[in-house]
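*Asks:* Below you will find the structure I want to go over with you.
The values are calculated or read from the model by the stated rules, or taken from the named source; none is laboratory data. Owing to the predicted nature of the structure, the values given are computational and were not obtained by experimental measurement. Note that we place each Cβ from the backbone using ideal geometry, even for glycine, and neighbour counts take in every protein chain shown.
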Amino acid sequence: MWNYEKRLEFPVKISETNAQLAQAIATQYGGPDGESGAAMRYLSQRFAMPYKEAIAVLNDVGTEELGHAEIVCSIVRQLTRDLSVAEIKESGFDKYYVDHTTGIYPINASGVPFDAMTFQSTGDPLTDLHEDLAADGATL
Amino acid sequence: MSVNGHPCKKDLLTQINAVSFAVIDSGMYLDTHPCDLNALNYFYEMNKQRGQMLREYASYYGPLTLDTATGSCSDRWNWINEPWPWQEGGC
């Protein structure tokens, strides 16, 4: 069960739009090392974790990753606000725009939709923890 | 800073964000250090401040959580009125 808080974990206030930058940042929502994958990874793996400290960490970090996903989506949303047709074409955002307009959709930087194949949940706690270290190491 | 005796919305929100971050991070530290008394006391103090600030914010500017949605004693459902966090003027 989750409770929603009507605030971002860290505030986002973007005054200048930039559709090219939005495409690079969007992968942190729907890409292989993005927040959606991180949240699903930890929240899925916690069920097979036998140690109470590690269950709590997977649960609480997985929950926080959902908050991070919301921050990334807010950044992308604000970066693509009030774009002109010329800006959409020149920035290369037209490929995204034709399918999703300025809606938020989880994709990686090359436009491939989010895929659960980007993470594992093996039922073996040591294997899963190694996968977690590799995944979070990739974004450092 | 205060406006008409009310704490400024932006300042109050900044404080809520700060203590909330302290609650989340000290909580996660406690997940693996459940007997650390210093951390436990820090968590209790931050969590207490957070609760007070959320109630204060709700009473002036609308609820940020369902738990504090009763704080404004209004005859309408204010949850839908204040902007969402990704919107202009949101948190």
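*Asks:* When the range A:43-63 is examined, which residues are found to be farther than 18 Å from B:Leu30 by Cα and under 16 Å from the mean Cα position of the chain (by Cα)?
*Replies:* Across the range A:43-63, the qualifying residues are A:Leu43, A:Ser44.
*Asks:* With B:Thr14, B:Thr70 as the choices, which residue is out of contact with any Lys or Arg (no Cβ under 9 Å at 6 or more places or on another chain), free of Cβ contacts under 8 Å to residues at least 40 places away in the same chain, assigned to a loop (DSSP other than H, G, I, E, B) and hydroxyl-bearing (Ser, Thr, Tyr)? Working first, answer last.
*Replies:* On the way: B:Thr14 fails: assigned to a loop (DSSP other than H, G, I, E, B).
The conditions single out B:Thr70.
*Asks:* Taking into account only those residues within the range B:33-91 that are within 12 Å of the chain's Cα centre (by Cα) and β-branched (Val, Ile, Thr), which is nearest to the other protein chains (Cβ to nearest Cβ)?
*Replies:* Looking at residues that are within 12 Å of the chain's Cα centre (by Cα) and β-branched (Val, Ile, Thr), I get B:Thr65.
*Asks:* May I pose another question? For residues in the range A:48-62 being touching a residue at least 40 places away in the same chain (Cβ under 8 Å) and surrounded by fewer than 16 Cβ atoms within 10 Å (Cβ to Cβ), which is nearest to the other protein chains (Cβ to nearest Cβ)?
*Replies:* A:Tyr51
*Asks:* Restricting the search to the range A:93-126, which residues are surrounded by fewer than 14 Cβ atoms within 10 Å (Cβ to Cβ) and of a type in the set (S, T, N, Q)?
*Replies:* Answer for the range A:93-126, where residues must be surrounded by fewer than 14 Cβ atoms within 10 Å (Cβ to Cβ) and of a type in the set (S, T, N, Q): A:Thr101, A:Ser110, A:Thr122.
*Asks:* Would you please name the residue that is surrounded by the most Cβ atoms within 10 Å (Cβ to Cβ), looking only at residues in the range B:7-56 that are among the charged types (D, E, K, R) and within 21 Å of B:Trp84 (Cα to Cα)?
*Replies:* B:Arg50
*Asks:* Another question, if that's okay. Which condition breaks for A:Ser74 when tested against (1) in contact (Cβ under 8 Å) with a residue 12 or more places away in the chain; (2) within 11 Å of chain B (Cβ to nearest Cβ); (3) part of a loop (DSSP other than H, G, I, E, B); (4) touching a Leu at 6+ places or on another chain (Cβ under 9 Å)?
*Replies:* With respect to (1) in contact (Cβ under 8 Å) with a residue 12 or more places away in the chain; (2) within 11 Å of chain B (Cβ to nearest Cβ); (3) part of a loop (DSSP other than H, G, I, E, B); (4) touching a Leu at 6+ places or on another chain (Cβ under 9 Å), A:Ser74 is out only on (3).
*Asks:* Further, regarding this structure: Does A:Glu16 fit the bill of being of a type in the set (Asp, Glu) and surrounded by 17 or more Cβ atoms within 10 Å (Cβ to Cβ)?
*Replies:* no
*Asks:* Further question on the same structure: Please enumerate the residues belonging to the range A:89-140 that are touching a helix residue (DSSP H, G or I) at 6+ places or on another chain (Cβ under 9 Å), assigned to a helix (DSSP H, G or I) and among the hydroxyl-bearing types (Ser, Thr, Tyr).
*Replies:* Matches in the range A:89-140: A:Tyr96, A:Tyr97, A:Thr118.
*Asks:* Could you go through the range A:79-90 and let me know if any residue there is modelled with pLDDT of 95 or more and surrounded by 21 or more Cβ atoms within 10 Å (Cβ to Cβ).
*Replies:* Yes, because at least one residue in the range A:79-90 is modelled with pLDDT of 95 or more and surrounded by 21 or more Cβ atoms within 10 Å (Cβ to Cβ).
*Asks:* Taking the range A:14-47 only, how many residues are within 12 Å of chain B (Cβ to nearest Cβ) and free of Cβ contacts under 8 Å to residues at least 24 places away in the same chain?
*Replies:* Count: 2.
*Asks:* Quick check on my filter: what residues within the range B:1-32 are more than 13 Å from chain A (Cβ to nearest Cβ) and either β-branched (Val, Ile, Thr) or out of contact with any Phe, Trp or Tyr (no Cβ under 8 Å at 6 or more places or on another chain) (or both)? Please lay out each step first, then the result.
*Replies:* Here is the first cut: in the range B:1-32, the ones more than 13 Å from chain A (Cβ to nearest Cβ) are B:1-8.
Result: B:Met1, B:Ser2, B:Val3, B:Asn4, B:Gly5, B:Cys8.
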